[in-house]
Amino acid sequence: MANDFYGPVDDSVLRNQAKHISTSIWHDIQRDKLQIRQNTSQINQWVLNDYQVHLLQQWGFGMFANPRTVMQNDVCLITALVEHWRPETNTFHFTFGEMTVTLEDVYMLMGLPVVGEAVRLDFDVAASHTWLHAWRDPNLSVEERKTAWDRGGVKLSFLRKRYRVCPSDADRDVQEIYTRGYIFYLCGAILFPTKSNNVAHPRLIAFLLDTKKIYGYAWGAAVLGYLYRNLGEASDKNCKQITGCTTLLMLWARERLRPGQPKIAENTRHMWPRAFAWAIAPVAARKLKYFNIHHHIDAYRAMFDNFDTRWVHWTPYTRFYRRYCSCSAHFFREHRVSTAGEGYKAVRHAIVVTASSP
């Protein structure tokens with residue numbers, strides 16, 4: 001006799017079972033792969049000079065000092081993970097228990113600040129007014145600003161065309177404008193993507209105006225909260241897309257979960273943020289055929305449904321705590337900048353070597 005029972009035994013916590021994707025799966029209704037509403041395909045077009053790299057490291061966005069650090073999404077992996085997400089607890093429910101992405105993961109994987117002032121949007125000011133009057137670029141006319149406006153935000157294509165390459169003769173003030181333009185683009189394309197997938201939210205401009213305060217905001221906490229909310233929406237059985245920083249979700253899965261995890265070079269073990277290590281070309285996949293399941297959603301689903309605790313890396317950052325006693329609170333600012341600089345150079349060197357190999 002078929003077992004007609006599914007879902008939680010006690011629904012006092014998991015109260016949204018009827019809407020959850022697992023209900024459809026139980027009735028043999030498999031959802032297609034989710035649409036990832038994140039714009040990562042064109043980030044490699046950006047060209048940054050040395051001073052811009054320095055600013056990004058100072059402001060807490062050192063991971064993005066080399067645009068090639070942003071990996072492309074494995075849609076099948078993300079889709080399979082979302083099927084195990086429960087918005088009531090903000091955790092993934094596996095056969096052995098629960099796991100989630102934490103602030104520690106955000107900081108260690110992406111290097112974004114997780115302490116400081118909250119990134120809280122001000123809805124008292126019209127979004128269009130913020131872009132038209134608050135964005136500091138004296139060379140940007142009112143007509144250009146109006147042209148850039150679309151669907152309640154600033155077009156990513158406009159930001160990319162306007163700030164993609166800083167003039168070689170630009171002074172420090174102009175270079176700061178171009179770097180803020182790059183971060184604003186990252187907010188719309190990677191960190192806080194919208195469902196339209198082609199604009200940046202103008203209310204984030206308020207946190208980029210004073211360059212002395214940019215590092216003082218808890219960007220990482222905001223990114224994590226935004227991802228939690230969008231994971232919850234994507235776990236609804238009627239949802240067909242996911243927004244939020246799926247780059248963070250990809251990095252978390254690579255660092256902690258063995259299914260689909262490529263093997264990376266041993267000399268990347270101490271790279272920080274960990275995004276630098278995963279950006280370098282992995283070791284040949286033929287050595288790991290069993291776990292090389294990229295882009296096979298049924299394989300991911302089967303492994304997550306029969307998860308073994310041996311496939312989880314519970315303490316991936318232990319070596320950093322042993323190596324740097326300050327890591328438990330927050331890396332010293334000097335260490336953060338120097339280590340991010342080393343990782344940026346390593347990624348750039350690896351990409352050059354890979355591109356020049358026969």
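A compact table of results
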| quantity | calculated |
| --- | --- |
| In segment 135-259, lysine pairs with alpha-carbon atoms under 24 angstrom apart (chain gap of 8 or more, or interchain) | 8 |
| Accessible area (Å², per residue) of segment 220-269, counting only protein heavy atoms and a probe of 1.4 Å | 34 Å² |
| Most to least accessible of ASP173, ASP137, ASP236 (protein chains only, probe 1.4 Å) | ASP173, ASP236, ASP137 |
| Cα Rg, Dmax, segment 51-108, angstrom units | 15.9, 49 |
| Segment 178-260, accessible surface, carbon-and-sulfur percent (1.4 angstrom probe) | 48 percent |
| Prolate/oblate/rounded call for segment 47-162, Cα gyration tensor, a/c under 1.5 rounded | prolate |
| Centroid-to-centroid separation of segment 127-168 and segment 299-319 [C-alpha atoms, Å] | 43 Å |
| Probe 1.4 Å - accessible area at GLU143, Å² to nearest ten | 120 Å² |
| Surface share of carbon and sulfur [accessible, 1.4 angstrom probe, percent] for segment 73-154 | 51 percent |
| Accessible area (Å², per residue) of segment 1-118, counting only protein heavy atoms and a probe of 1.4 Å | 46 Å² |
| Solvent exposure, largest accessible area first (probe 1.4 Å, DNA, RNA and ligands not counted), of GLU144, GLU83, GLU117 | GLU117, GLU144, GLU83 |
| Three-way shape label, segment 153-286, alpha-carbon gyration tensor, a/c 1.5 | oblate |
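The values are calculated or read from the model by the stated rules, or taken from the named source; none is laboratory data. No experiment lies behind these values; they were computed from the predicted model shown. Protein only, heavy atoms only, side chains kept; ligands, DNA and RNA dropped before computing areas. Shrake-Rupley method; radii C 1.70, N 1.55, O 1.52, S 1.80 Å.
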